[in-house]
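Enquirer: Sharing a structure below in structure tokens format, with a few things to ask.
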Amino acid sequence: MKNNALKTMLTMGLAASLLAGCGGAVVEEAPPSEAASAADGVTSGTSEGEAAAPAQDVSADNTFTYAIAGDTGNTLNPLTADDRYGLMATKMLYTPLYFINLDGSVDYILAESMESNEDGTVWTCKLKPDLKWSDGEPITADDVVFTINANNEFSPKLSVGGELIKAEKVDDLTVNFTLPSPSASVFELLSAELFILPQHFFEPKGTFDVNMLEETPVGSGPYVLDEYMTGQYLKFSANPNYPLGTANIENVVYRVIEKDDTATLALQSGEVDAWIANSAEQMVPYQGNENFNIYNYSEGRVAYMLLNSVSPNMQDQDYRKGIMYALDRNEIMTAAYTDPELYEIGYTFLPPINEYYDDSQVEKYERDLEKAKELTAGGPTELNLLYNVADGVQERMALAIQASLKEIGIDVTLDGRDFAAYNKSYLDVTDTSFDLLLNGYVMGIDPNAYKSLFSSETEDYMRCHSEEADAIWTEADQITDAEARKPLYAELQKLVQEEAVMYPLGSNLKTLIVNSRIGGVEDAGLVPIYSIKDASKLTINQ
């Protein structure tokens, strides 16, 4: 049995540029932008939270069944998908040009190479020859240009310094990407979250929405969609034209089971092969059990509390600092995850695993009740804390925060909302209906991916209004030397903490429990949001 503890399995790819933290917002997380945040939470697939039994071949010998806690919805749009389960489905059906691993290595998928000119303003992508879509049509440079143009029109995240990246076909296998200025983060920007789309399929439709009840999407991913049942399951079969080779397992089923107790019973009974556990207690039945393997891995996720600076109660910076001094990170994270092996404390907006993480200059706001009382004296004594009511981790955090603030004379009303209402308030940077909010995000590897959270030149989901920081965000991305960038991002981490709009808690591990009949998990890779990087590499042990 494999019970990998903290930092044992840190093979991490790019996160969805979204999302909600998972804030940035991958939702479980859902992204406000791919580098934005992914909110922790999912929409409900059924009114009762239970999934009906999947199709008869869900438990077939050549099928891998994965229990997921939320439905994708009947419509999938690969340009705008921003929740965890929509992104997982998108990853099965489509592929990017290449994928960057946490160690800096690159897995080329559709692309054969990606190189820049001397000044870094033009990047040339060479596609692998003889690539085909799942319907047998050739994959060409036209598809890449079509995808870039579609992103620029409908989801303009592919930009440098506020100007869009332009794509131009050179020949059937070559595309030039032209930048308005050099950018250290552009290589990542054009990677994992840029799923290349088939022009011949989407252009005649006039929309990028795919009705999964009626249509069979054409893609280049390891699998194609066979069947979708609302609130119940998605069934995929191997794509024979997958660029990295036909999948080892013929079928994959994502079975929607929203309740943890139902999912763990399904795993133990063999109805499903894999499930994400959310606490140390949920892992107990599988520890030391030869029928299951446990994989703990990092998503580079940052859990945090937002202090809503636009709320009338929270506009005083010193008052916000006082709130932060009243809290204890370890206490909150232990309440949420139980076992310290399942989380790592962090003090800045970057996850501790990031090479640019630097807490040497930041104010850590270690618990100091006397200072907290001093800074909050004369301020509001009643606050509202917003959280996703369906998220047990957030609820446990909220209760711990409520108890801590009670000690300095502040009563906190816990405002649990369904995900739609919760995420709407989070994404609306003018919303004053809450004072505090719990969230998390998975943003990516390059630190510039976090800009949309904190810069007023972008979405500024953290309501951080610092002209000094805005200027540094721009400067740091124009420098391509990693060592030269580090002091700038260290300064940004310091400035953000001085604004006291975000109380970083740290980074938690994800725990994937897999039936031991399934092999190849290490080869498939465990990554943020999608969980499994390449499902085609999974095997069934005989």
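Enquirer: Please pick out the residue among T147, T121, T174 that is under 23 Å from I445 (Cα atoms) and either more than 28 Å from the chain's Cα centre (by Cα) or without any contact (Cβ under 8 Å) to a residue 24 or more places away in the chain (or both). Lay out the reasoning, then the answer.
Expert: Details: T147 fails: either more than 28 Å from the chain's Cα centre (by Cα) or without any contact (Cβ under 8 Å) to a residue 24 or more places away in the chain (or both); T174 fails: under 23 Å from I445 (Cα atoms).
Exactly one residue qualifies, and that residue is T121.
Enquirer: Mind listing whichever residues of the stretch 449-487 are surrounded by 20 or more Cβ atoms within 10 Å (Cβ to Cβ), within 22 Å of I353 (Cα to Cα) and not basic (K, R)?
Expert: A449, Y450, S452, L453, F454, M462, W473, A476, D477
Enquirer: Can you tell me which condition A336 does not meet? The list is (1) in contact with a Lys or Arg (Cβ under 7 Å, 6 or more places away or on another chain); (2) more than 15 Å from A303 (Cβ to Cβ); (3) surrounded by 23 or more Cβ atoms within 10 Å (Cβ to Cβ), and all the others hold.
Expert: Only one criterion in (1) in contact with a Lys or Arg (Cβ under 7 Å, 6 or more places away or on another chain); (2) more than 15 Å from A303 (Cβ to Cβ); (3) surrounded by 23 or more Cβ atoms within 10 Å (Cβ to Cβ) is unmet by A336, namely (2).
Enquirer: How many residues are touching a helix residue (DSSP H, G or I) at 6+ places or on another chain (Cβ under 8 Å) and among the β-branched types (V, I, T) when one looks only at the stretch 517-538? Walk me through how you get there before you give the answer.
Expert: In the first step, residues of the stretch 517-538 are kept if they are touching a helix residue (DSSP H, G or I) at 6+ places or on another chain (Cβ under 8 Å); the result is 520, 523-525, 529-538.
Still in the running and among the β-branched types (V, I, T): 529, 532.
So the answer is 2.
Enquirer: Looking at the stretch 141-167, which of its residues are in a loop (DSSP other than H, G, I, E, B) and surrounded by fewer than 20 Cβ atoms within 10 Å (Cβ to Cβ)?
Expert: Hits for the stretch 141-167 are S155, P156, G161, G162.
Enquirer: Those residues that are buried (at least 23 other Cβ atoms within 10 Å of the Cβ) and farther than 15 Å from Y66 by Cα, I need them from the stretch 511-542; list them, please.
Expert: Within the stretch 511-542, V527, P528 qualify.
Enquirer: Any residue in the stretch 223-231 that is touching a residue at least 60 places away in the same chain (Cβ under 8 Å), buried (at least 22 other Cβ atoms within 10 Å of the Cβ), in a loop (DSSP other than H, G, I, E, B) and touching a Phe, Trp or Tyr at 6+ places or on another chain (Cβ under 9 Å)?
Expert: No.
Enquirer: On the basis of being of a type in the set (D, E, K, R) and surrounded by 19 or more Cβ atoms within 10 Å (Cβ to Cβ), does E258 make the cut? Quick ask: steps written out before the conclusion?
Expert: Details: of a type in the set (D, E, K, R): yes; surrounded by 19 or more Cβ atoms within 10 Å (Cβ to Cβ): yes.
Taking the combined requirement at face value, the residue satisfies it.
Enquirer: Can you confirm whether the stretch 380-403 contains a residue that is assigned to a loop (DSSP other than H, G, I, E, B) and modelled with pLDDT of 95 or more? Outline the logic, then answer.
Expert: Quick first cut of the stretch 380-403, residues assigned to a loop (DSSP other than H, G, I, E, B) only: 380-381, 389-391.
Within this subset, residues satisfying the condition of being modelled with pLDDT of 95 or more are 380-381.
Within the stretch 380-403, one or more residues are assigned to a loop (DSSP other than H, G, I, E, B) and modelled with pLDDT of 95 or more.
Enquirer: Would you please name the residue that is surrounded by the most Cβ atoms within 10 Å (Cβ to Cβ), looking only at residues in the stretch 185-205 that are part of a helix (DSSP H, G or I) and acidic (D, E)?
Expert: The initial filter retains those residues of the stretch 185-205 that are part of a helix (DSSP H, G or I), namely 186-189, 199-205.
If we keep only those that are acidic (D, E) as well, we get 188, 203.
On the way: E188: 20, E203: 12.
Filtering first and then ranking leaves E188.
Enquirer: Find all pairs meeting these conditions: Cβ atoms under 9 angstrom apart; at least six residues apart or on different chains; first residue within the stretch 522-542 and under 16 Å from E299 (Cα atoms); second residue assigned to a loop (DSSP other than H, G, I, E, B) and basic (K, R).
Expert: E522/K2; A524/K533; G525/K533; L526/K533; V527/K533; P528/R301
Enquirer: Would you be able to say whether some residue in the stretch 305-321 is in contact with a Cys (Cβ under 8 Å, 6 or more places away or on another chain) and at pLDDT 95 or above?
Expert: First, pick out the residues of the stretch 305-321 that are in contact with a Cys (Cβ under 8 Å, 6 or more places away or on another chain): 309.
Filter once more, so that each one left must be at pLDDT 95 or above: 309.
Yes, there is a match, as at least one residue in the stretch 305-321 is in contact with a Cys (Cβ under 8 Å, 6 or more places away or on another chain) and at pLDDT 95 or above.
Enquirer: Considering only the stretch 432-449, how many residues are in contact with a strand residue (DSSP E or B) (Cβ under 8 Å, 6 or more places away or on another chain) and either not in a loop (DSSP other than H, G, I, E, B) or not β-branched (V, I, T) (or both)?
Expert: Within the stretch 432-449, the first condition is being in contact with a strand residue (DSSP E or B) (Cβ under 8 Å, 6 or more places away or on another chain), and the residues that meet it are 433-443, 445.
Narrowing further to those that are either not in a loop (DSSP other than H, G, I, E, B) or not β-branched (V, I, T) (or both): 433-441, 443.
Total meeting the criteria: 10.
Enquirer: Only residues that are under 22 Å from S425 (Cα atoms) and surrounded by 18 or more Cβ atoms within 10 Å (Cβ to Cβ): list them for the stretch 352-383, please.
Expert: The one that is under 22 Å from S425 (Cα atoms) and surrounded by 18 or more Cβ atoms within 10 Å (Cβ to Cβ): L383.
Enquirer: Next question, about the same structure. Run down G120, G73, G104 and say which single residue is farther than 26 Å from S181 by Cα and part of a loop (DSSP other than H, G, I, E, B). Let's see the steps before the verdict.
Expert: On the way: G120 fails: farther than 26 Å from S181 by Cα; G104 fails: farther than 26 Å from S181 by Cα.
Of the residues listed, the single one that is farther than 26 Å from S181 by Cα and part of a loop (DSSP other than H, G, I, E, B) is G73.
The values are calculated or read from the model by the stated rules, or taken from the named source; none is laboratory data. Quick caveat, the model's predicted, so the values are computed rather than measured. No Cβ is skipped: glycine too gets one built from the backbone with ideal geometry, and neighbour counts run over all protein chains shown.
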